[in-house]
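Taken together, the values in this text are just the output of simple stated rules run on the coordinates, not laboratory data. All values derive from a computational prediction rather than experimental measurement. Quick reminder, even Gly has a Cβ in these numbers, built from the backbone with ideal geometry, and neighbours come from all protein chains shown.
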């Protein structure tokens, strides 16, 4: 293991019928999840053309006047969807609020879906800007990223001692989030301590991140040092989140990371946070504990855990949210 370089894994065999090749990739992913909690993937089916379209869409949206973006203000809805202005989010409680603006979307549910009618948290329709072709592009990408996340999760089942379809069944109608992020140049920060994204771990199961060429992502290695995770063309950066760490009883690492805003340029990134159906129980998997390694975490549900983390991160979630 090189403590200064994240593993790079070609996942193309996960789409083949060669079971031996599939297992070899699964072993590489298991090792990366145990030693790093972070790795790059290539050989996935998301095209360069798709990512270019999304990057262009993100730049167009974030260039709109604030008044236009705030028509879908994320602080004015219980759904945690829409536009988050700069400093809406504070990932590191010891640093100023983050120097970034965001757009969030989730699994789209019609107003007459039983979960929406019942008022369940994080359930409802997406809140897209009025930009031609936007909603069609993003909804298709959300679905494609959902399938890619499930492919990666299937590769983890052998090492975690669960059946191959364990995660598939729990990721029906998920609360996964696709996010677009714009990081303004560092010189626009309110203080020297304001980072693009403060040090944090992700909340869900796995995150798949597209990042542009600007750089700025840093990951904490096993020695507690911050190392760069530079962009690699055609790749996604994958990392383990807290729910998977809890499921695996910390076999898989939920690793701290941060974004240092680049000098002189804007940075755009697009993470997909894969999170299961809100009622899914998150508790230690049977194969991840024994008499010498008992379960470390109390059982919770996907929605309960996610909402508790939102309350820590977003000031507007700590007060009674608006309806809508």
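Between residue 250 and residue 291, what is 0.36 nm times their sequence separation minus the Cα-Cα distance? Round to one decimal in nm. Mind showing how you got there, number by number?
Numbers: separation 41, 0.36 × 41 = 14.76 nm, distance 1.54 nm.
Answer, rounded to one decimal: 13.2 nm.
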Subject >> Choice from 198, 37, 161 with maximal GNM fluctuation in the chain (Cα, 10 Å cutoff) >> reply: 161
Subject >> Residue with peak Gaussian network fluctuation, the chain [Cα springs, cutoff 10 Å], from 50, 81, 170 >> reply: 50
Original post:
Label-point separation (nm) for residue 113 and residue 168, each offset 7 Å from Cα along Cα-to-Cβ?
Top reply: 2.1 nm
Original post:
Highest GNM mean-square fluctuation, the chain, Cα pairs closer than 10 Å: which of 21, 67, 32?
Top reply: 67
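Would you mind calculating the relative contact order of segment 8-317 from Cα pairs under 8 angstrom and at least 6 residues apart, reporting the percent as a whole number? Provide the component values of the computation, followed by the final result.
Working: 614 pairs, mean separation 64.8, N = 310.
Rounded, it is 21 percent for segment 8-317.
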Original post:
Along the Cα-to-C-beta direction of residue 48, a point sits 7 Å from the Cα; which residues of segment 209-224 have their amide N less than 17 Å from that point?
Top reply: 210-214
**OP:** Quickly estimate the mean residue ellipticity at 222 nm for the chain, helices only: each DSSP H run with n ≥ 4 gives -39500 (n - 2.57), and the total goes over all residues, rounded to 500.
**Re:** -8000 deg cm²/dmol
Original post:
Roughly how many nanometres apart are two label points built 7 Å out from the Cα toward the Cβ at residue 19 and residue 34?
Top reply: 2.3 nm
**OP:** Could you compute the FRET efficiency for residue 70 and residue 147, with r as their C-beta to C-beta distance and R0 at 25 Å, rounded to 0.05?
**Re:** 0.15
Original post:
For 162, 177, what ranking results if the residue with the fewest other Cβ atoms within 10 Å of its Cβ goes first?
Top reply: 162, 177
Subject >> Estimated distance in nm for a label pair at residue 298 and residue 5, the labels positioned 7 Å out from Cα along Cα-to-Cβ >> reply: 4.5 nm
**OP:** Using only the Cα atoms of segment 1-61, build the gyration tensor, take square roots of its eigenvalues as a ≥ b ≥ c, and label the shape rounded, prolate or oblate: rounded if a/c is under 1.5, else prolate if a/b is larger than b/c, else oblate.
**Re:** oblate
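With a 10 Å Cβ neighbour count serving as the proxy for reagent exposure, in which order, fewest first, do 257, 113 appear? Write out the running numbers ahead of the final one.
On the way: 257 24, 113 15.
If I rank by nearby Cβ atoms, fewest first, I get 113, 257.
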**OP:** Using the number of other C-beta atoms within 10 angstrom as an exposure proxy, rank 268, 15, 183, 203 with the fewest first.
**Re:** 15, 268, 203, 183
